[in-house]
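See below for the structure under consideration.
The values are calculated or read from the model by the stated rules, or taken from the named source; none is laboratory data. This structure is a prediction, so every number in the text was calculated from the model and none was measured. Neighbour counts run over all protein chains shown; Cβ positions are idealised from the backbone, glycine included.
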Amino acid sequence: MAEARTDEERKNAQPAQPHTGQPPRNEEEDTELRPPKQPSHKRFFIIGGIVLAVIIAGLYWWHSTYYESTDDAQVDGNLVQISTRIKGNITRVNVEDNQMVQAGQVLVEIDPRDAQAALDKGEANLATARANYEAALAGVPITTTSTGATLSSAGAEVQAALSTVSQAEKQLDAAEAQVLSAEADNTKAQLDLQRYTPLVKRDVVSRQQFDSIVAIAASRKAALSAAQANLAGARDQVRVAKDRLAAAKANYNSAQTGPKQVAAQRAKADAAAAEVQQALAALEVDRLNLSYTKVVAPDTGIVNKKTAQVGQNVSAGQTLMTLVPLSGVWITANFKETQLDHMRAGQLATVSVDAYGGRKYHAKVTQIGGATGSMLSLFPPENATGNYVKVVQRIPVRLDFTDPKENSDHLLRPGMSVTPDVRVKN
């Protein structure tokens, strides 16, 4: 320091005085006449550096205490694989790689003629099914009426047959009685004839009386034959009447199946109605297949990895391109496990995007992963051996943006590197 110099040093440091012809001044006079020296600027730089270091250390302590940050983070999103839902031949491709498309925009068109033909066939099948249903439905009341009438008629026939059998049996009884009466009369007449025959030979009775006895005997014999014939006819009538009764009962039993016939007809109508529903479902599938001939974008985004070409034959489920949605993105930040002590869902965060000079976005923690990244990898680590080295693991944490307006320009793209700062303490 200038104040610490000795008198000798001051004397040596003073430049030689030019010779002016005046007597030299003494030391006390020189000191009084010389102006005071200004303080050095080094002191201010040192003090300022110390204060700045203290401020930086304080900010670092405050940030590390109240915030958790990581540079192992990126923008994430749902990449949509655009594929076909039907097979066919591509007739038109309306997009190119890296082209922006809007939701609902037609990307690829497939030849619709096959699908249109299937739709026409489905409409014809539906018309046929409906006609069959109408016919089966109309047959239900007809069957109900006809089976009811048949049952009533069969019942009446059974009653008539029963009456016929009863009448025939009565006639049979009367014929049997007539046969018995005719047999008795014939027996008496034949006995009379036998008694009068010897008497007429001895002229005990007149020839006229004997002729009368002969005539009576012949008449009684003829009457017996007629009665026996009537008996045989009565028996045949009873048999025929019983046959008719059996037939009437069979018809009645058959007519009693009328409710089952009605149920069967209703079942046919129900089956026809089911066929109508089946035809409607098939027609709806045909309509959907026709609509699938135009592959549309499910969301707004950018087309990548386009493989569709005009004239290409594609099968159902074949991938044609990848759509990268520009909305609905989020942040996947892989924090060290030592940073998760105070991290909870709902905590606010500020996200800095590397691609845009550190542009800030606001987000919040929504999910904390259920396992480390190494456990979710294709080949999880095997620590069963004795050569285990402890490594700090990372847990994926999802952050969702809280202000959709900040990404209204859709500058965030999946895969971009970001740096989130999560406030874990208030």
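Could you please find all residues in the range 236-293 being in contact with a strand residue (DSSP E or B) (Cβ under 9 Å, 6 or more places away or on another chain) and β-branched (Val, Ile, Thr)?
THR293
Residues that are surrounded by fewer than 18 Cβ atoms within 10 Å (Cβ to Cβ) and in contact with a Gly (Cβ under 8 Å, 6 or more places away or on another chain): list the strands (runs of 3 or more DSSP E) wholly contained in the range 62-140 that include at least 1 such residues. Quick ask: steps written out before the conclusion?
On the way: elements: 67-69, 73-76, 80-83, 88-93, 106-110.
In the range 62-140, 73-76, 80-83, 88-93 are the strands (runs of 3 or more DSSP E) which contain 1 or more residues that are surrounded by fewer than 18 Cβ atoms within 10 Å (Cβ to Cβ) and in contact with a Gly (Cβ under 8 Å, 6 or more places away or on another chain).
Applying the selection to the range 71-102, what residues are within 11 Å of THR293 (Cα to Cα) and among the charged types (D, E, K, R)?
ARG85, LYS87, ARG92
Please state which of the following conditions ALA227 fails to meet, knowing it meets all the rest: (1) within 30 Å of GLN105 (Cα to Cα); (2) part of a helix (DSSP H, G or I); (3) of a type outside the set (D, E, K, R); (4) touching a residue at least 40 places away in the same chain (Cβ under 8 Å).
(1)
Under 6 Å between Cβ atoms, which residue pairs at least 6 apart in sequence (or on different chains) link something in the range 161-189 that is in the same structural domain as ALA215 (by TED's automatic domain parsing) and within 21 Å of GLN237 (Cα to Cα) with a partner that is surrounded by 13 or more Cβ atoms within 10 Å (Cβ to Cβ) and not hydrophobic (A, V, I, L, M, F, W, C)?
Cβ pairs passing all conditions: ALA161/ARG244; VAL165/LYS242; ALA168/GLN237; LEU172/ARG235; ALA175/ASN230; VAL179/GLN228.
Could you pull out every one of the strands (runs of 3 or more DSSP E) wholly within the range 284-336 that has 3 or more residues that are within 24 Å of SER417 (Cβ to Cβ)? Steps first, please.
Details: elements: 294-296, 301-304, 319-325, 330-336.
Filter on the range 284-336 gives 301-304, 319-325, 330-336.
Right, GLN237: over 58 Å from the mean Cα position of the chain (by Cα) and either surrounded by 14 or more Cβ atoms within 10 Å (Cβ to Cβ) or under 30 Å from LEU126 (Cβ atoms) (or both) or not? Spell out how you get there, then give the answer.
Details: over 58 Å from the mean Cα position of the chain (by Cα): yes; either surrounded by 14 or more Cβ atoms within 10 Å (Cβ to Cβ) or under 30 Å from LEU126 (Cβ atoms) (or both): yes.
Answer is yes for this residue.
Please go through (1) within 30 Å of SER69 (Cα to Cα); (2) surrounded by 15 or more Cβ atoms within 10 Å (Cβ to Cβ) for LEU323 and return the number of the only condition it doesn't satisfy.
With respect to (1) within 30 Å of SER69 (Cα to Cα); (2) surrounded by 15 or more Cβ atoms within 10 Å (Cβ to Cβ), LEU323 is out only on (1).
Do we have SER225 as of a type in the set (Ser, Thr, Tyr), out of contact with any His (no Cβ under 6 Å at 6 or more places or on another chain) and more than 30 Å from VAL262 (Cα to Cα) here?
Judged against the criteria, SER225 is a match.
To keep it simple, each residue is scored yes or no on (1) buried (at least 18 other Cβ atoms within 10 Å of the Cβ); (2) aliphatic (A, V, I, L, M); (3) touching a residue at least 60 places away in the same chain (Cβ under 8 Å).
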{"residue": "VAL310", "(1), (2), (3)": "no, yes, yes"}
{"residue": "GLY317", "(1), (2), (3)": "no, no, yes"}
{"residue": "VAL329", "(1), (2), (3)": "yes, yes, yes"}
{"residue": "ALA333", "(1), (2), (3)": "yes, yes, yes"}
{"residue": "GLU337", "(1), (2), (3)": "no, no, no"}
{"residue": "ALA349", "(1), (2), (3)": "yes, yes, yes"}
{"residue": "ASP354", "(1), (2), (3)": "no, no, yes"}
{"residue": "HIS362", "(1), (2), (3)": "no, no, no"}
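Report every pair of residues separated by at least 6 positions or lying on different chains whose Cβ atoms are under 7 Å apart, first residue within the range 395-423 and modelled with pLDDT of 90 or more, second among the charged types (D, E, K, R) and in a loop (DSSP other than H, G, I, E, B).
Going by the 7 Å Cβ cut-off, the qualifying pairs are THR419/ASP71.
Which of the following residues is touching a Gly at 6+ places or on another chain (Cβ under 6 Å) and either polar (S, T, N, Q) or more than 30 Å from ASP120 (Cα to Cα) (or both): VAL303, VAL329, VAL351, VAL365?
Result of the check over VAL303, VAL329, VAL351, VAL365: VAL329.
Which one of these is of a type outside the set (S, T, N, Q), at pLDDT below 90 and under 28 Å from the mean Cα position of the chain (by Cα): GLY301, GLY328, GLY258?
Just a single option satisfies the conditions, and that option is GLY328.
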